[in-house]
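Asker: Sharing a structure here in structure tokens format.
Where a number appears in this text, it was derived from the coordinates with a stated rule and is not lab data. Because the structure is a prediction, the values reported are computed rather than measured. Note: ideal-geometry Cβ built from the backbone for every residue, glycine included; neighbour counts use all protein chains shown.
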Amino acid sequence: MVIETIIVSAVSMGGIAAALAVFLIFADSKLKVKTDPMVDKLTDMLPGTNCGGCGVPGCSAFAEALIKGEMSPGGCVAGGEDVVNEIAALLGVDAGSKSRMLAVVLCKGGSAEAVQKATYRGEVNCTAADISGGGKGCVYGCLGLGECVDACDFGAMGMDDNGLPVVFYDKCVGCGACAKACPRDIIEMHPEEHKLFVYCKNKDKGPKAKKVCTVACIACSLCAKDCEVEGAIAMQSNIAVIEYGPDPLGGDAIKRCPTKCILFDVEKDVTKERFEAAQKGAVLKTG
Amino acid sequence: MGLKTFDRGIHPAYNKELASSKAITPAALPKTVIIPLRQHAGAPCTALVKKGDVVEEGQKIADVEAFVSAPIHASISGKVKEIDLYQHPVGMKVPSIVITGDGEKKDWGTSGGVTVDLASLTPDAIRTTIRESGIVGMGGAGFPTAVKLNAPKGKKIDTIVLNGCECEPYLTADHRIMLEEADKVVWGMRALMKGVGAPNGFIGIEDNKKDAIEAIKLALGPSCTDIKVIELETKYPQGAEKMLIKAALNRKVPKGKLPLDVGVVVNNVGTAAAIFDALNYGKPLIERVVTVSGNGIKEPKNLLCRIGTTFEEIIKQCGGLKEGGEFEVLNGGPMMGIAQMQLDVPVIKGTSGITALMGEVIKPKKYDACIRCASCVEACPMALMPYRLGDYGNMQRLDDFNGWGGFDCIECGCCSYVCPSKRPLLQWIRLGKLRVRQNQQAQQEQAQLAEQASAK
């Protein structure tokens, strides 16, 4: 009796298991989704942050584009030089000379410089604050609520004591998420070689701009006159706009700026380490 | 049986007594006016004058060819000082014409009574005059009135509804217009009915304005059969177009459609009075009644202000802001108004009130997690689910936001008002709408770029 039960159950369970095993073997061979092992390999090599900086959605999509030859390894902005070179070596293609892109925050009107006309008390979020205009007298400047910092997936941004976002030169991979997040388009993406920037977006005429911020561009056009490269700086809707076609150099252009809103080669000064040290120092001082 | 009304909605504190007994008084003639080129829904105008030009009161100074638009007129006579970007009361900087006045007032003869026989006017003439006078909906949204009256072919408008609800707390401008200019309102109403060929007219008034109901009934006379006054329950947002149609006619405007699709055109009582002035005296829309009220204003008033007068100047004429503390100054009432960050913004055609609040009511409140009580769902007059829409808007889940009807939201603010966790639901929904629109714009631009690239 006991033996019989054991035999019946062993045979029936074994039968079911065998049937399922046959089905699984069949499914494995017939229904398998064929993937290019190269895609998996490349995806593993890529940073895996899915930042979208290359222009396609996600790292595996970029890997597919690489194999199809639609993109060059240099398109990956987050990976850095090593990853790009490794991939180029693996695929046997040119790395693609793409210079490093960096985010630049083009407003220096923090709480110390910009006139505060009202207190913004609504939802703490730049896009929401932009609807009513925020609290600053300048409606073109940084709202200072940090939507760009929240958008950064690489820990490459922070808010300084002056209420302005800063980009860490050593950490920024140039994915452009912060530029997309900014409702006032203050953050722009520039190649590393660009060193001269006008840190103001105020489109008002000089006197009006000066009234709301001490570091506003007042469109005096001194920088355009002083610039070594002729025609590199032009006035457009009351702001100085820099053409990077021929390198505008920059040593001279910044010299006579009355509000010091055009600056040369200051982006590289902010690194994460220095920023954090400065933050700590500030805490110690105030605490 | 109770009074007619719509489903759901809320009963906020109305605080109308602050200004409801104050007669409409003309404000002092402003020395300079800032007239934004965007004062209506639709295409913004382009300036017809340039810096240094001398303009007359009522002269057309900006216009645009587009169908959905309304021209803009000089509200004072004087010289064009500049055309530059100025802060707009609805946010952002907008190109505006600044006029320095010469201190002279034009006499439009507005106390002369009826000068035109309505029967002699053709519907086309009525519509043209309304368009040329720059008349837009004066309840706040500023939709060009002439466009409303131009029903597309195949659509028959059988009813004009005049909106005298004024459900927004604090505001009393429409109330005073109905009391003081009832004859103008009724005449303007008949002109509107003639303009679209609608046989029926309804004037919807909330029952907290009994004296206005009496005044309008008196102006209509006992033998009037085509226009009816409907007494509506006092409830917010009774004055929203779709709510008013439901309450007055029991017709439901389908999702995504306009009142036109159910044969109705809704206009504000202020618009009707402006139409009277335009048709009888040729006076374009250059001034409007603005209620200045709120607990931060020394003497609440109903002022007849020129378009382009700054808030600062108007508040000064009402005794100024009270001493001490912080203020929240709104363009409009507390439910739908937009907070201003500076006071040198101008009154535009859609500014029905300026509300200055202070003290406890404007203290920032911390919000808590949603407790799923569904108070917002019970309050939403559009039968949406604000707790979901708010989260979708805030978290950028824009497909879900669209799918759950985010764009049907009329931004009345009932959800934020009732939320026990004080969640800023409406603000998040507005964010969602803004982001969806931005995305659409970006996509269009990309498509255009792609087209250009392929054309090459």
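Asker: So what's the back-of-envelope 222 nm ellipticity for chain B, counting only DSSP H runs of four-plus at -39500 (n - 2.57) apiece and dividing by all residues, rounded to 500?
Answerer: The per-residue figure over chain B is -8500 deg cm²/dmol.
Asker: What nm distance separates the two modelled labels at B:Ala453 and A:Phe264, each placed 7 Å from Cα along Cα→Cβ?
Answerer: Each label point lies 7 Å from its Cα, and together they span 3.6 nm.
Asker: Please identify every one of the GluC sites (Glu not before Pro) in the range B:282-336 that sits in a loop by DSSP and has no more than 10 other beta carbons within 10 Å of its own beta carbon.
Answerer: B:Glu323
Asker: Could you tell me what percent of the DSSP beta bridges with both partners in the protein assembly as shown are antiparallel, to the nearest 5?
Answerer: 70
Asker: Taking a label point 7 Å from the Cα of B:Ala374 along the Cα→Cβ vector, which residues of the range B:1-25 have an amide N closer than 16 Å to it?
Answerer: Backbone N within reach: B:8-9.
Asker: For the range A:39-91, what number results from the quotient of the Cα radius of gyration and 2.2 N^0.38 Å?
Answerer: That ratio works out to 0.93.
Asker: With Kirkwood's inverse mean 1/r over C-alpha pairs for Rh, give me the Rg to Rh ratio of the range B:358-456, two decimals please.
Answerer: Using only Cα positions, Rg/Rh for the range B:358-456 is 1.15.
Asker: Could I ask something else about it? Is the shape of the range B:27-120 best called rounded, prolate or oblate, per the rule: a/c under 1.5 gives rounded, else a/b larger than b/c gives prolate, else oblate, with a ≥ b ≥ c the square roots of the Cα gyration tensor eigenvalues?
Answerer: Since a/c reaches 1.5 but b/c is at least a/b, the shape of the range B:27-120 is classed as oblate.
Asker: Take the alpha carbon gyration tensor of the range B:14-57, find the square roots of its eigenvalues, order them as a ≥ b ≥ c, and report rounded if a/c is under 1.5; if not, report prolate when a/b exceeds b/c, else oblate.
Answerer: oblate
Asker: I would also like to ask the following. Tally Lys and Arg at +1 and Asp and Glu at -1 over the other residues with C-beta under 11 Å from the C-beta of A:Lys268: what net charge comes out?
Answerer: Overall, the nearby charge balance is -3.
Asker: Here's something else I'd like to know. Cross-link candidates for A:Lys41: which lysines have Cα within less than 26 Å, leaving aside residues fewer than 8 places away along the same chain?
Answerer: Candidates past the 8-residue exclusion: A:Lys30, A:Lys32, A:Lys68, A:Lys98, A:Lys171.
Asker: In the range B:253-392, with Lys and Arg counted as +1 and Asp and Glu as -1 at Cβ, which of these residues, B:Gly332, B:Val262, B:Tyr281, has the Cα nearest the positive end of the dipole, that is, farthest along it?
Answerer: After comparing all options, I get B:Val262.
Asker: Turning to a different aspect of this structure: Answer with one residue from B:Ile354, B:Ile35, A:Val212: the one whose Cα lies farthest towards the positive end of the charge dipole of the protein assembly as shown, charges on Cβ with Lys, Arg +1 and Asp, Glu -1.
Answerer: The Cα lying farthest towards the positive end belongs to B:Ile354.
Asker: What does the charge dipole of chain B about its Cα centre add up to, to the nearest 20 debye, if the Cβ of each Lys and Arg holds +1 and the Cβ of each Asp and Glu holds -1?
Answerer: It works out to roughly 900 debye.
Asker: State whether the protein assembly as shown is rounded, prolate or oblate according to the following rule on the C-alpha gyration tensor (a ≥ b ≥ c being the square roots of its eigenvalues): a/c under 1.5 gives rounded; otherwise a/b larger than b/c gives prolate, and the remaining case gives oblate.
Answerer: Cα axes put the protein assembly as shown in the oblate bin.
Asker: Ok, one more. Tell me which of A:Ala128, A:Ser99, A:Ser111 sits at the most positive position along the dipole axis of the range A:76-147, charges placed on C-beta atoms (Lys, Arg +1; Asp, Glu -1).
Answerer: Working it through, the farthest residue towards the positive pole turns out to be A:Ser111.
Asker: Here's a follow-up. If you take the alpha carbon radius of gyration of the range A:59-161 and divide it by 2.2 N^0.38 Å, what ratio comes out, to two decimals?
Answerer: 1.57
Asker: Pop a pseudo-label 7 angstrom from the Cα along the beta-carbon direction at both B:Gln441 and A:Ile16 and give the gap in nm to one decimal.
Answerer: 6.2
Asker: Taking a quarter of the surface of the convex hull around the Cα atoms of chain B, what do you get in nm²?
Answerer: Result: a mean projected hull area of 24.2 nm².
Asker: Report, to the nearest 10°, how far helix A:59-68 tilts away from the longest principal axis of the Cα atoms in chain A, using its own Cα long axis and a range of 0 to 90°.
Answerer: Roughly 80 degrees, rounded to the nearest 10.
Asker: Relative to a virtual label point 7 Å from the Cα of A:Ile67 in the Cα→beta-carbon direction, which members of the range A:26-48 show backbone nitrogen distances below 11 Å?
Answerer: A:34-43
Asker: Find the relative contact order for chain B and round it to a whole percent, using C-alpha pairs within less than 8 Å whose residues are 6+ positions apart.
Answerer: It comes to 18 percent, rounded to a whole number.
Asker: If you don't mind, there's one more thing I want to ask. Quick one: if you stick a label point 7 Å off each Cα along the C-beta vector at B:Ala43 and A:Ser9, how many nm between them?
Answerer: Result for the modelled spin labels: 8.4 nm.
Asker: Run the numbers on the range A:196-264 and let me know its relative contact order in percent, using alpha-carbon pairs under 8 Å that are six or more apart.
Answerer: Computed value for the range A:196-264: 37 percent relative contact order.
Asker: At most 15 other Cβ atoms within 10 Å and a DSSP loop assignment: could you name the GluC sites (Glu not before Pro) in the range B:10-80 that fit?
Answerer: B:Glu56, B:Glu65
Asker: With chain A treated as a Gaussian network of Cα nodes joined by springs under 10 Å, which of A:Ser12, A:Ser132, A:Ser111 yields the largest mean-square fluctuation?
Answerer: Highest fluctuation of the listed residues: A:Ser12.
Asker: Let me ask you something else. In peptide B:326-336, how many Cβ atoms from other protein chains are near each Cβ within 10 Å, on average?
Answerer: Going residue by residue through B:326-336 and averaging, the value is 1.
Asker: Across peptide B:338-345, how many C-beta atoms of other chains are within 10 Å of each residue C-beta, on average?
Answerer: Partner Cβ neighbours, averaged per residue: 5.
Asker: Further question on the same structure: Listed here are the pairs A:Lys136/B:Lys93; A:Lys280/B:Lys366; A:Lys136/A:Lys195; A:Lys108/A:Lys136; which of them are more than 18 Å apart at the Cα?
Answerer: Beyond 18 Å between Cα atoms: A:Lys280/B:Lys366; A:Lys136/A:Lys195.
Asker: When only alpha-carbon atoms are used, what values of Rg and Dmax, in angstrom, describe the range A:196-264?
Answerer: For the range A:196-264, the Cα-based Rg and Dmax read 11.0, 34 Å.
Asker: Looking at the range A:1-99, which trypsin sites (Lys or Arg not before Pro) are in a loop (DSSP not H, G, I, E or B) and have at most 13 other Cβ atoms within 10 Å?
Answerer: A:Lys32, A:Lys34
Asker: On to the next question. What does DSSP give for chain B in terms of the percent of beta bridges that are antiparallel, rounded to the nearest 5?
Answerer: Rounded to the nearest five, the antiparallel share is 60 percent.
Asker: Just want to confirm a number: the relative contact order over the range B:375-441, from Cα pairs under 8 angstrom separated by 6+ residues, in percent.
Answerer: Across the range B:375-441, relative contact order equals 41 percent.
Asker: Using a 10 Å cut-off on Cβ to Cβ distances, tally the other chain neighbours for every residue of A:122-133 and report the average as a whole number.
Answerer: Across the residues of A:122-133, the mean count of other-chain Cβ atoms within 10 Å is 5.
Asker: Going 7 Å from the Cα of A:Asp247 toward and past its Cβ, which residues in the range A:191-213 have a backbone nitrogen under 15 Å from where you end up?
Answerer: Label zone hits: A:191-197.
Asker: Straight distance only, please: which aspartates and glutamates reach the Cα of B:Lys60 with their own Cα at less than 12 Å, same-chain residues fewer than 8 apart left out?
Answerer: Partners within reach: B:Glu132.
Asker: Which of A:Pro183, A:Pro57, A:Pro73 moves the most in a Gaussian network model of chain A with Cα springs under 10 Å?
Answerer: Looking only at A:Pro183, A:Pro57, A:Pro73, the largest GNM fluctuation is found for A:Pro57.
Asker: Rounded to the nearest 20 debye, what is the charge dipole size of the protein assembly as shown about its Cα centre when +1 sits on each Lys and Arg Cβ and -1 on each Asp and Glu Cβ?
Answerer: For this selection, approximately 1680 debye.
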